[in-house]
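**Student:** Sharing a structure with you now.
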Amino acid sequence: MLRISFSLVLLLISNPLFAHPGGRNAEGCHTNKKTGEYHCHNGELKSKTPPSVVEAVASSANAAQTRRNGNLLQLDYEGFTLWVDCARHGAVKFRYNAHRDSGSAKRYDKFFLDPSVPAECQQTTAKAYGHDYDRGHLVPANHLDASPAAIKATNTMTNILPQAANMNRGAWLLTEEIIECYRDIDELLVIGGVIWRDNPGDDYFVESHGVKTPEAFWKAVIRGSGQDERAIAWVVPNSAEATKKRLDDYLVAISDLERVTGEKIPVADYAKHDKPAHSWMIPRGCDKG
């Protein structure tokens, strides 16, 4: 079922109501470029300082170290970081570095709740969604295949949200394949997140999982440094029509992405206003496995 078209993606870019993933105005939300910490100063998230409440490190090796400030919970897993909106029971942002592919650890085949995360901040079950939605990863296991522990951590339900099957296996998968190939050329910084929009018509999983269905997902990839710094970004609708062939339709300039999300993407100003005509091409011979 079509839920969001490319024209609606453009509308999201120009509409301040969707500037923050939680539905609030983006003003006052930013990431500290040096620390990578994410802060919002409106609503219940008011502090400009790092979160003052440090919760205990979970005993499980795959559980996250957690820090909470109001409704925003920062989860530091091995290899990646998530920011979860406890009011949404789901993530608003993720961040990781994609290093040169030097591992081949097997993918973990089970999904699970994180025992270090308060119940009110995550989904109620790790069961499959149904309704042609996958348990879609924000951070994919394949980019962390040098560490079995990191791979396992990607299957926590804090890193999972309902993604339309065609999108998860289509446009979103192609962004992952691009990263998989280009991490062998440069170390990549990957920052992404979720655009939420209250739409009762497709919120199938509130009763079963305690989470609404995201409207779209976004991702920015930064490579190089100095004058060689380059970036690419997409806003991908959580729609059955978001196939691999349509990925270029979802390209956005970093400056537009910042308006959508309220994020300050750590990339040189000269690179923020250029939108590539096409997504980065998969190099010939790339091993996407």
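**Student:** Looking only at the stretch 233-258, how many residues end up being touching a residue at least 24 places away in the same chain (Cβ under 8 Å) and more than 24 Å from residue 162 (Cα to Cα)?
**Tutor:** Looking only at that region, the number is 2.
**Student:** Starting from the stretch 136-149, take each residue that is modelled with pLDDT of 95 or more and list its partners that are among the aliphatic types (A, V, I, L, M) and in a helix (DSSP H, G or I), counting only C-beta distances under 8 angstrom and pairs at least six apart or across chains.
**Tutor:** Taking only residues 6 or more apart or on different chains, the pairs are 136/167.
**Student:** Report the residue count in the stretch 194-204 for those that are over 14 Å from the mean Cα position of the chain (by Cα) and part of a loop (DSSP other than H, G, I, E, B).
**Tutor:** 5
**Student:** All but one of (1) touching a helix residue (DSSP H, G or I) at 6+ places or on another chain (Cβ under 8 Å); (2) at pLDDT below 95; (3) not hydrophobic (A, V, I, L, M, F, W, C) hold for residue 249; which doesn't?
**Tutor:** Among (1) touching a helix residue (DSSP H, G or I) at 6+ places or on another chain (Cβ under 8 Å); (2) at pLDDT below 95; (3) not hydrophobic (A, V, I, L, M, F, W, C), the lone unmet condition for residue 249 is (2).
One line per residue, one yes/no per condition, for (1) outside any loop (DSSP other than H, G, I, E, B); (2) surrounded by fewer than 18 Cβ atoms within 10 Å (Cβ to Cβ); (3) of a type outside the set (Lys, Arg); (4) out of contact with any Ser or Thr (no Cβ under 9 Å at 6 or more places or on another chain):
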position: 221; (1), (2), (3), (4): yes, no, yes, no
position: 234; (1), (2), (3), (4): yes, no, yes, no
position: 247; (1), (2), (3), (4): yes, no, yes, no
position: 259; (1), (2), (3), (4): yes, no, no, no
position: 263; (1), (2), (3), (4): no, no, yes, no
position: 273; (1), (2), (3), (4): no, yes, yes, no
position: 276; (1), (2), (3), (4): no, yes, yes, yes
position: 280; (1), (2), (3), (4): no, yes, yes, yes
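**Student:** Still on this structure, I have one more. Filter the stretch 205-219 down to residues that are outside any helix (DSSP H, G or I) and not aromatic (Phe, Trp, Tyr) and give me whichever is farthest from residue 93 (Cα to Cα).
**Tutor:** Restricting to residues being outside any helix (DSSP H, G or I) and not aromatic (Phe, Trp, Tyr), the top hit is 210.
**Student:** Another question about this same structure. Part of a helix (DSSP H, G or I) and either of a type in the set (Gly, Ala, Ser) or modelled with pLDDT of 95 or more (or both): is that true of residue 175 in this structure?
**Tutor:** Judged against the criteria, residue 175 is a match.
**Student:** From the list 254, 232, 222, exactly one residue is in contact with a Leu (Cβ under 6 Å, 6 or more places away or on another chain), modelled with pLDDT of 95 or more and under 21 Å from residue 183 (Cβ atoms). Which is it?
**Tutor:** Sole residue among the options that is in contact with a Leu (Cβ under 6 Å, 6 or more places away or on another chain), modelled with pLDDT of 95 or more and under 21 Å from residue 183 (Cβ atoms): 222.
**Student:** Then there is this: Scan (1) surrounded by fewer than 17 Cβ atoms within 10 Å (Cβ to Cβ); (2) in contact with a helix residue (DSSP H, G or I) (Cβ under 7 Å, 6 or more places away or on another chain); (3) within 26 Å of residue 282 (Cβ to Cβ) for the single condition residue 106 breaks and write down its number.
**Tutor:** Here residue 106 clears every test but (2).
The values are calculated or read from the model by the stated rules, or taken from the named source; none is laboratory data. Since the structure is predicted, the reported quantities are computational estimates derived from the model, not experimental observations. Every residue, glycine as well, gets a Cβ built from its backbone with ideal geometry; the counts of neighbours run over all protein chains shown.
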